[in-house]
Amino acid sequence: PLVTIITPVFNVADVVERAVTSIQAQSFTNWQLVLIDDASTDGSRDICQRFAETDKRIEFIAMPTNSGAAAARNAGIEIALGDYIAFLDADDEWLPEKLERQLNFMTSTASVFSYTGFLRDASGSRHAVNVPASVTRGTLLKGNVIGCLTAMYDRKFFGSVMMPDLRMRQDFACWLQLLERTDLAHGLNEPLAIHHMRP
């Protein structure tokens, strides 16, 4: 299968290369990365363009004005070619086995929507964030346990599901939409990504 990875970018020139190289280092190599620059002013756009010019799996979109994470992600989803949609923010990173482990997990559990554990990094101090084996829409309403950097959904099953145009928590709202159309999201309790806490 082809996995499309959606990465919104806004003023992260100091860290976006880390995110992209963590995708390029994946053991599973059949992916499309869409970098969507949301009118950065710090050189992020030039870095993204350079990656797109040197790796044919990388697409680059430049938003004309700053529109927020939901609009940026949706612009990427609109041109997605993948059988699966995954998300990685530009200040986070994946561990090398992330896509391979999660795709195998989705196949073995017949899952159309999944998530994994991850590491939370605050100033170099890391701890694992564990996740439950599954969630329903009802249980997710009590609190979001799905880290955006770990979520993946089956586009063949759902189609291209857009994120609601909210300034905050648009990912949580999207997960709730997906769980209106399937009974469960399945969780792989392995830390396969790193969420970097930033001011």
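Quick notes on this structure:
- Which listed residue is under 26 Å from G117 (Cα atoms) and surrounded by 17 or more Cβ atoms within 10 Å (Cβ to Cβ), from A52, A90, A25, A75: A90
- Scan the stretch 1-12 for residues that are surrounded by fewer than 17 Cβ atoms within 10 Å (Cβ to Cβ) and among the hydrophobic types (A, V, I, L, M, F, W, C) and the total you get is 1.
- Evaluation of K156 against the conditions (1) out of contact with any His (no Cβ under 6 Å at 6 or more places or on another chain); (2) surrounded by 15 or more Cβ atoms within 10 Å (Cβ to Cβ); (3) among the basic types (K, R) shows that the sole unmet condition is (2).
- Within the stretch 145-163, tally of residues that are of a type outside the set (G, A, S), part of a loop (DSSP other than H, G, I, E, B) and either more than 17 Å from L184 (Cβ to Cβ) or at pLDDT below 95 (or both): 3
- Count of residues meeting criterion [small (G, A, S) and touching a Pro at 6+ places or on another chain (Cβ under 8 Å)] in the stretch 141-162: 0
- Meets criteria (at pLDDT 95 or above, under 28 Å from D121 (Cα atoms), crowded, with 17+ Cβ neighbours inside 10 Å and touching a Lys or Arg at 6+ places or on another chain (Cβ under 7 Å)) for Q102: no
- Selection over the stretch 13-22 of residues that are open to solvent by 10 Å² or more (accessible area, probe 1.4 Å) and either among the β-branched types (V, I, T) or on the phi > 0 side of the Ramachandran plot (or both) gives a count of 2.
- Cβ-Cβ contacts under 8 Å between residues 6 or more apart (or on different chains), taken from a first residue in the stretch 53-72 that is within 16 Å of I23 (Cα to Cα) to a second residue that is in a helix (DSSP H, G or I) and open to solvent by 20 Å² or more (accessible area, probe 1.4 Å), are listed as D55/Q24; I58/F51; I58/A52; E59/A52; F60/Q49; F60/F51; F60/A52.
- Hits in the stretch 38-49 - residues which are in a helix (DSSP H, G or I) and open to solvent by 30 Å² or more (accessible area, probe 1.4 Å): R45, D46, Q49
- Filtering the stretch 138-153 to residues that are in contact with a helix residue (DSSP H, G or I) (Cβ under 6 Å, 6 or more places away or on another chain) and open to solvent by 50 Å² or more (accessible area, probe 1.4 Å) leaves only N144.
The values are calculated or read from the model by the stated rules, or taken from the named source; none is laboratory data. Here the structure is a predicted model, which means the values were calculated and not measured. We place every Cβ from the backbone using ideal geometry, glycine too, and count neighbours over all the protein chains shown. Note: areas computed on protein heavy atoms with side chains; ligands, DNA, RNA excluded. Shrake-Rupley method; radii C 1.70, N 1.55, O 1.52, S 1.80 Å.
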